[in-house]
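Asks: Here's a structure for you.
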Amino acid sequence: MWHNRSRSSLQTVCRLSRLRLVVSCYRSGCSTAGAGGGQRWSPPTGGFDTGLKTYNSLTKQKEPLILARERVATWYSCGPTVYDHAHLGHACSYVRFDILQRILSRLFGITVIHAMVITDIDDKIIKRSSEKDISPTTLARMYEEDFKKDMLSLKVHPPAVYLRVTDNVPQIVAFIERIITNGHAYAVTNGDVYFDIRSIGDRYGKLVTAVEPQGEPGDTDKRDVRDFALWKSSKPQEPYWESPWGKGRPGWHIECSTIASSVFGSQLDIHSGGIDLAFPHHENEIAQSEAYHECGQWGNYFLHSGHLHLKGSAEKMSKSLKNYITIKDFLESYSANEFRMFCLMTKYRAAIDYSDASMNEAQCSLETVVNFIHSAQAYMRAELQCLPIQEGLLWERLAETKTGVLAALADDFDTPRAINAVMDLVYHGNRQLQPVTKPEGHARSPAVFGAITSYIQELFEQLGLDLLDRKEGSAADASGTLNNVVEQLTHFRSHVRAFALAPQETRSAALAPQESSSAGGTKPRPYPDRIPLLKACDTLRKDLAPLGIIIQDRGPKSIWQISQTRQSTLDKKEVES
């Protein structure tokens, strides 16, 4: 969840300073282990070793990923605060963690049980609902559905369960009561309840030890400036719930501790979120959960994704900074496949720069893979004639790629290294698919290309990329019809083009000068009266390209594909101007 509380200018500056401290510590790998024993991380004992390593924010280094149950990973993530449309910064984090979960489940056989909370009551929701003159519940439901639709548009697999804060208030009240009973929280005269930082000594600061005060307006009765609210007494005209401390509503952090514990109990394998949530949100979650369960280590692995920046900006994409692009607006210019490729090309925990140039790079990489698959399929159908294939070399490259991809993904989900290995395989495959004008009876090797294309398509599908961009329902039927029409059109064009290219049978050298061929020999020109047909074929090919129908001439034959790539923003501006 991306949540910013109303504060004075000075408090906002302090919050940004803390955020920069977290990001700096996270990037540099500095140690957060203090002198106290409560800050040391213990590898899970007696669990299932997945064979993978992942960067753990609790230790600031890669650790073996060990699960409590064999081939089952419990995973909790902070969902959105639903008061507005989700933006591309949200999309980046959710898509990245969707990729990680797919890697675990699809490539390494780990069943991921994922739970996500929807924050449907907080200060911003109350403020926005008042501005729109609708109830906070109505506003939250609107944007909750909007968020879920955005995630489906980005092909993010939904969690096993979404849970709302407002559906779990009784559980939250009971959770707070037990923390108080365990001696780690206290109520004040106005009905607020605070977590008592001093009660856990040096155990506070597992993610970031350099902790600054995190006070809010009106925090005058706290025992320690670091104490944070578990329950907030209601103000006039605000939604409220009954509690032992009076009318009020949950604080921000307690919702995640309660809901994660209600689903997974006293031990959680993986907790994920953006790096800006490490402090104070995740730090406070750890303190609350361990105080409630009276345990030394509630969450075993904390994974944090890097920020998405607009190119040239040092700040993260954020609604509060008004430098964001909504997911809906983004999908008007690019596809979900292209954005996922964009995410795959950087490590999940690295900051990432968004720009037209970086998106074009992702587009080009995706197009290179798709074009190779179409060319390989044309070769397998004997529509593309090539020189003899170095089949043994390609089988060797395929085996190396498979090994390299698994090794990369097992090493902290290193998707850039895995994608580079695939692109290298595509490069070597393309080198073998050099067309010749005339077939010379060489032995063909379609099987190896079948193996390569099947592997690439399966891998990309496991990562959430559909290279064929298949649609469902009526769209699939329409797509099938279009494919048949394009195929017939391409065959007709190929016949016309072959007729137009047919050489003159007899002519004098003076009247019909020779042209150099690509093979080093010579070839005669076609009949002059057929040149308009050849030009018409070229015009048709060029006119269909902007519509997504790509025809490529390969010697005497042509191959085709329907591309889902949309025009870049620059192209659109040029057309509009």
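The values are calculated or read from the model by the stated rules, or taken from the named source; none is laboratory data. Keep in mind it's a predicted model, so treat the numbers as computed, not measured. Virtual Cβ from ideal backbone geometry, glycine too; neighbours counted across all protein chains shown. Ligands, DNA and RNA are stripped out before the accessible areas are found, and what is left, the full protein with its side chains, is counted by its heavy atoms. Shrake-Rupley method; radii C 1.70, N 1.55, O 1.52, S 1.80 Å.
Asks: Being at pLDDT below 95 and over 17 Å from the mean Cα position of the chain (by Cα) narrows it down to one residue among Tyr301, Tyr379; which is it?
Replies: One residue alone meets the criteria, Tyr379.
Asks: Would a scan of region 122-129 turn up a residue that is touching a Phe, Trp or Tyr at 6+ places or on another chain (Cβ under 8 Å), within 20 Å of Met151 (Cβ to Cβ), among the aliphatic types (A, V, I, L, M) and surrounded by 21 or more Cβ atoms within 10 Å (Cβ to Cβ)?
Replies: Yes, there is a match, as at least one residue in region 122-129 is touching a Phe, Trp or Tyr at 6+ places or on another chain (Cβ under 8 Å), within 20 Å of Met151 (Cβ to Cβ), among the aliphatic types (A, V, I, L, M) and surrounded by 21 or more Cβ atoms within 10 Å (Cβ to Cβ).
Asks: How many of the residues in region 231-251 are assigned to a loop (DSSP other than H, G, I, E, B) and touching a Pro at 6+ places or on another chain (Cβ under 9 Å)?
Replies: 2
Asks: Looking only at region 420-435, which residues are over 16 Å from Cys364 (Cβ atoms) and charged (D, E, K, R)?
Replies: Once the filter is applied, which keeps residues that are over 16 Å from Cys364 (Cβ atoms) and charged (D, E, K, R), region 420-435 yields only Arg431.
Asks: Looking at Val156, is it at pLDDT 95 or above and closer than 23 Å to Ile118 by Cα?
Replies: yes
Asks: Residue check: is Arg340 in a helix (DSSP H, G or I), charged (D, E, K, R) and modelled with pLDDT of 95 or more?
Replies: So Arg340 passes the test.
Asks: When region 144-161 is examined, which residues are found to be more than 15 Å from Leu100 (Cβ to Cβ), touching a residue at least 24 places away in the same chain (Cβ under 8 Å) and open to solvent by 50 Å² or more (accessible area, probe 1.4 Å)?
Replies: Ser153, Ala160, Val161
Asks: Hey, among the residues in region 330-341 that are out of contact with any His (no Cβ under 9 Å at 6 or more places or on another chain) and open to solvent by less than 10 Å² (accessible area, probe 1.4 Å), which one's nearest to Gln101 (Cα to Cα)?
Replies: Filtering region 330-341 for residues that are out of contact with any His (no Cβ under 9 Å at 6 or more places or on another chain) and open to solvent by less than 10 Å² (accessible area, probe 1.4 Å), the one nearest to Gln101 (Cα to Cα) comes out as Arg340.
Asks: Checking Leu533 against (1) farther than 27 Å from Val369 by Cα; (2) in contact with a Lys or Arg (Cβ under 8 Å, 6 or more places away or on another chain); (3) at pLDDT below 85, which single condition isn't satisfied?
Replies: (3)
Asks: Follow-up. Scan region 546-567 and give yes if some residue there is modelled with pLDDT of 55 or more, in a helix (DSSP H, G or I) and under 45 Å from the mean Cα position of the chain (by Cα), otherwise no.
Replies: yes
Asks: Sticking with this one: Residue by residue through region 60-71, note down the ones that are aliphatic (A, V, I, L, M) and within 22 Å of Asp411 (Cβ to Cβ).
Replies: Correct list: Leu65, Ile66, Leu67.
Asks: Further, regarding this structure: From the list Arg381, Arg397, pick out the single residue that is touching a His at 6+ places or on another chain (Cβ under 6 Å) and open to solvent by 60 Å² or more (accessible area, probe 1.4 Å).
Replies: Arg397 is the lone residue from the list that is touching a His at 6+ places or on another chain (Cβ under 6 Å) and open to solvent by 60 Å² or more (accessible area, probe 1.4 Å).
Asks: Please specify each residue of region 355-370 satisfying the condition of being open to solvent by 50 Å² or more (accessible area, probe 1.4 Å) and touching a residue at least 24 places away in the same chain (Cβ under 8 Å).
Replies: Within region 355-370, Asp356, Ala357, Asn360, Glu367, Thr368 meet the criteria.
Asks: Looking at region 31-50, I want the residues that are part of a loop (DSSP other than H, G, I, E, B) and have a partner that is modelled with pLDDT under 90 and aliphatic (A, V, I, L, M) with Cβ atoms under 8 Å, at least 6 apart or on another chain. Which pairs are those?
Replies: Once the first residue is part of a loop (DSSP other than H, G, I, E, B) and sits in region 31-50, its partners that are modelled with pLDDT under 90 and aliphatic (A, V, I, L, M) give Thr32/Val208; Arg40/Ala33.
Asks: Could I ask something else about it? Take region 199-209 and flag every residue that is charged (D, E, K, R) and part of a helix (DSSP H, G or I).
Replies: Result: Asp202, Arg203.
Asks: Next question. Within 25 Å of Ile125 (Cβ to Cβ) and charged (D, E, K, R), is that true of Asp196?
Replies: Against the criterion (within 25 Å of Ile125 (Cβ to Cβ) and charged (D, E, K, R)), Asp196 does not qualify.
Asks: Could you check, for region 399-406, whether at least one of its residues is polar (S, T, N, Q) and modelled with pLDDT of 95 or more?
Replies: yes
Asks: Next question. Does region 256-269 hold any residues that are crowded, with 23+ Cβ neighbours inside 10 Å and either under 20 Å from Asp196 (Cα atoms) or in contact with a helix residue (DSSP H, G or I) (Cβ under 9 Å, 6 or more places away or on another chain) (or both), and which are they?
Replies: Cys256, Ser257, Thr258, Ile259, Ala260, Leu268
Asks: Show the residue pairs that are 6+ apart or on different chains and have beta-carbon atoms under 6 Å apart, the first residue being within region 419-437 and open to solvent by less than 20 Å² (accessible area, probe 1.4 Å), the second being small (Gly, Ala, Ser).
Replies: Partner pairs satisfying both residue conditions: Leu433/Ser375.
Asks: Tell me, please, whether a residue that is at pLDDT 95 or above, in a loop (DSSP other than H, G, I, E, B) and aromatic (Phe, Trp, Tyr) can be found in region 264-284.
Replies: no
Asks: Being at pLDDT 95 or above and open to solvent by less than 10 Å² (accessible area, probe 1.4 Å): is that true of Val72 here?
Replies: Criteria not met by Val72.
Asks: Please count how many residues of region 88-109 are more than 13 Å from the chain's Cα centre (by Cα) and buried (at least 22 other Cβ atoms within 10 Å of the Cβ).
Replies: Of the residues in region 88-109, 1 are more than 13 Å from the chain's Cα centre (by Cα) and buried (at least 22 other Cβ atoms within 10 Å of the Cβ).
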